[in-house]
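The values are calculated or read from the model by the stated rules, or taken from the named source; none is laboratory data. Treat the numbers as computed from the prediction; the structure is a model and nothing was measured. Counting neighbours? That spans all protein chains shown, and the Cβs are built from the backbone with ideal geometry, glycine included.
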Amino acid sequence: MIQTLFGSLNEPEKKASLFDRMKQAVTRTRENLTERIEEVVSFRKEIDAGTLDDLEATLISADLGSTTTREVLAAMREKVDRKQIGDATELKRVLKDELLAILSRAAESKPKVIASPRR
């Protein structure tokens with residue numbers, strides 16, 4: 001068997017399944033989003049409007065969607081205004097809770113199929 005820098009010349013390379021590739025992509029997205037959220041809150045002692053503005057930009061750029069981002073940030077702004085979020089740990093917990101609540105509501109609704117008209 002001949003070995004090269006890129007593997008064996010005699011053995012065909014196995015391609016990852018579609019599911020494996022999607023799983024890897026989701027993992028990379030999650031890791032990237034986690035890192036970006038850490039960057040937003042890492043140098044802040046206090047959670048304020050600027051922190052939430054940076055978080056909003058991070059969520060939108062992570063393709064969370066503008067509607068979901070607005071919903072999450074509205075709940076978080078309300079909690080910041082009421083002093084219910086005081087530090088980065090609490091902010092991340094509230095963010096996680098808000099996102100899980102949205103996903104739970106989506107899981108409970110029935111899927112809708114829209115059929116295109118026949119020609």
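Residue-by-condition table, conditions (1) over 18 Å from GLU46 (Cα atoms); (2) modelled with pLDDT under 90; (3) of a type in the set (Asp, Glu); (4) surrounded by fewer than 12 Cβ atoms within 10 Å (Cβ to Cβ):
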{"site": "THR67", "(1), (2), (3), (4)": "yes, no, no, yes"}
{"site": "GLU71", "(1), (2), (3), (4)": "yes, no, yes, no"}
{"site": "ALA75", "(1), (2), (3), (4)": "no, no, no, no"}
{"site": "LYS83", "(1), (2), (3), (4)": "no, yes, no, yes"}
{"site": "ALA88", "(1), (2), (3), (4)": "no, yes, no, no"}
{"site": "LEU95", "(1), (2), (3), (4)": "no, no, no, no"}
{"site": "GLU98", "(1), (2), (3), (4)": "yes, no, yes, no"}
{"site": "LEU103", "(1), (2), (3), (4)": "yes, yes, no, yes"}
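All conditions but one from (1) part of a helix (DSSP H, G or I); (2) surrounded by fewer than 14 Cβ atoms within 10 Å (Cβ to Cβ) apply to VAL113; the one that does not is (1).
Selection of segment 3-25 for residues being under 30 Å from ALA62 (Cβ atoms), surrounded by fewer than 10 Cβ atoms within 10 Å (Cβ to Cβ) and either at pLDDT below 70 or not basic (Lys, Arg) (or both) yields SER17, LEU18, PHE19. Restricting to segment 49-61, give me the number of residues that are surrounded by fewer than 16 Cβ atoms within 10 Å (Cβ to Cβ) and of a type outside the set (Asp, Glu). So the count comes out to 5.
Residues of segment 67-119 that are polar (S, T, N, Q) and farther than 19 Å from VAL26 by Cα: THR67, GLN84, THR89, SER109, SER116. The test for being acidic (Asp, Glu), surrounded by fewer than 16 Cβ atoms within 10 Å (Cβ to Cβ) and either part of a loop (DSSP other than H, G, I, E, B) or in contact (Cβ under 8 Å) with a residue 40 or more places away in the chain (or both) holds for GLU46.
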